[in-house]
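The block underneath contains the structure these notes are about, expressed in C-alpha cells.
Coordinate-derived values only; no laboratory data. Computed from a prediction, not measured in an experiment: that's the story for all the values here. Note that each Cβ is placed from the backbone with ideal geometry, even for glycine, and that neighbours are counted across all protein chains shown.
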Amino acid sequence: MEYKEKKRILFLGLPWTFTTYHINDDYVTVKQGFFNQTEDNCYMYRVQDIKMTRTIGEKLMGLGTLHLYCGDVTTPEIVMKHIKNYNEIKDYLLKATEEARLRRRTVNMQDISNHGVDDPS
C-alpha cells in the first residue's frame, strides 16, 4: 500500500504548497521546495512513535498534523502538516512500522527489572 499526500494551506484546505509526503511499506519520504528542492527519507523501522495534533483551523478544514519521531540522525522528527486522511495514514503508519521492525528483527523491548538494586522493603 502507498500513500501520497500534499501539505495544504489552512485556507479552504487547498494543496497550494510544494511539500509532498510519500509513504510506503519501507520508508517515508518528504519532498519540499520548488526552486531549491530537498528530499528526506526515513526507513519505516526507524519510526519510534507517532503523535497526531489538530488545531481549530485544521478541524474546520478536515485536516490534521502527524508528528513522526524517528531514530534517525539527520531527521529526528518528521512533521506532516495539514494533511487529509490523517487518521487512515496514522493507522497505516502504526501497523507498517511494527511490521517493518518484525521483518528486520529490530523490535525494541523495555527492560523494567531492577538489575540487582536492593529492594528497600
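Key figures for this structure:
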quantity: Cα-based helix-to-principal-axis angle, 86-104 vs the chain, degrees rounded to 10; calculated: 40
quantity: Given the chain, longest segment not containing exposed loop chymotrypsin sites (Phe, Trp or Tyr not before Pro) (DSSP; at most 14 other Cβ within 10 Å); calculated: 36-121
